[in-house]
Amino acid sequence: MDTYKIILEAHSGIAYVALITIAIAVINSLIGISAKNEFKPKDRRIALFALIATHIQFIFGLILYFVSPNGMDAFKSGMKAVMSNEGLRKLAVEHPVTNIIAIVLITVGWSTHKRAEESKKFKKIAIFYALGLILLLAMIPWGNWIG
């Protein structure tokens with residue numbers, strides 16, 4: 001198996017972990033908000049694990065972008081060729097840009113929850129992690145990932 005395939009498989013596998021942990025963090029935060037729970041170390045660990053999984057996923061995605069024929073190599077044929085091909089545009093431009101925005105939102109959620117009042121910690125995690133999760137789900141190349 002070549003390097004590209006190994007990184008692609010790792011990126012795909014870690015995606016499950018990242019998506020599941022983000023979803024768990026969002027659900028945990030929504031439960032915390034509705035039950036008016038105190039933000040405990042367990043809640044912090046759930047959010048932190050989701051943040052870490054997301055950043056690991058980003059690292060594999062970044063490496064993949066530079067070794068994949070659908071990443072930087074796609075631009076060898078020119079910007080016009082990439083932007084006029086819907087599938088290639090999604091993989092080479094839309095997927096990475098949108099996912100970077102999603103990771104930034106999740107990171108902002110983590111950072112802002114640390115400075116938030118105790119009563120607002122769940123809300124920060126729920127909002128920013130949910131927005132990040134929505135963006136990540138919207139940009140999964142389902143045909144490539146599952147098919």
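The conditions are (1) under 30 Å from GLU38 (Cα atoms); (2) touching a helix residue (DSSP H, G or I) at 6+ places or on another chain (Cβ under 7 Å); (3) basic (Lys, Arg), and LYS114 fails exactly one of them. Which is it?
Answer for LYS114: the failing condition is (2).
At pLDDT 95 or above, over 19 Å from the mean Cα position of the chain (by Cα) and farther than 23 Å from THR3 by Cβ, is that true of LYS114?
Working: at pLDDT 95 or above: no; over 19 Å from the mean Cα position of the chain (by Cα): yes; farther than 23 Å from THR3 by Cβ: yes.
When the stated conditions are applied, LYS114 does not pass them.
I need the full set of residues from region 117-138 which are under 19 Å from GLY32 (Cβ atoms) and of a type in the set (A, V, I, L, M), in order please.
Initial filter on region 117-138 (under 19 Å from GLY32 (Cβ atoms)): 117-133.
Within region 117-138, ILE125, ALA126, ILE127, ALA130, LEU131, LEU133 qualify.
Quick one: what pairs do we get from region 114-135, first residue buried (at least 18 other Cβ atoms within 10 Å of the Cβ), second hydrophobic (A, V, I, L, M, F, W, C) and modelled with pLDDT under 95, C-beta under 8 Å, 6+ apart or different chains?
Partner pairs satisfying both residue conditions: LYS123/ALA116; LYS124/ALA116.
Exactly one condition in (1) surrounded by fewer than 16 Cβ atoms within 10 Å (Cβ to Cβ); (2) in contact with a helix residue (DSSP H, G or I) (Cβ under 8 Å, 6 or more places away or on another chain) is not met by ILE31; state its number.
Answer for ILE31: the failing condition is (2).
Would you point out the residue of region 37-60, among those that are over 19 Å from the mean Cα position of the chain (by Cα) and touching a residue at least 24 places away in the same chain (Cβ under 8 Å), that is nearest to GLY13 (Cα to Cα)? Please lay out each step first, then the result.
Initially, region 37-60 is screened for residues over 19 Å from the mean Cα position of the chain (by Cα), giving 37-43.
Imposing the further condition that a residue be touching a residue at least 24 places away in the same chain (Cβ under 8 Å) reduces the set to 37-39, 43.
Values: ASN37: 33, GLU38: 33, PHE39: 30, ASP43: 25 Å.
The qualifying residue nearest to GLY13 (Cα to Cα) is ASP43.
If ILE24 satisfies all but one of (1) surrounded by fewer than 16 Cβ atoms within 10 Å (Cβ to Cβ); (2) within 19 Å of the chain's Cα centre (by Cα); (3) under 18 Å from PRO96 (Cβ atoms), what's the number of the condition it fails?
Every condition holds for ILE24 apart from (3).
Taking region 65-97 as the search range and keeping residues that are in contact with a Phe, Trp or Tyr (Cβ under 8 Å, 6 or more places away or on another chain) and of a type in the set (A, V, I, L, M, F, W, C), which one is nearest to ILE134 (Cα to Cα)?
ALA92
The values are calculated or read from the model by the stated rules, or taken from the named source; none is laboratory data. Here the structure is a predicted model, which means the values were calculated and not measured. For neighbour counting, all protein chains shown are included, and Cβ atoms are generated from backbone atoms with ideal geometry for every residue, glycine included.
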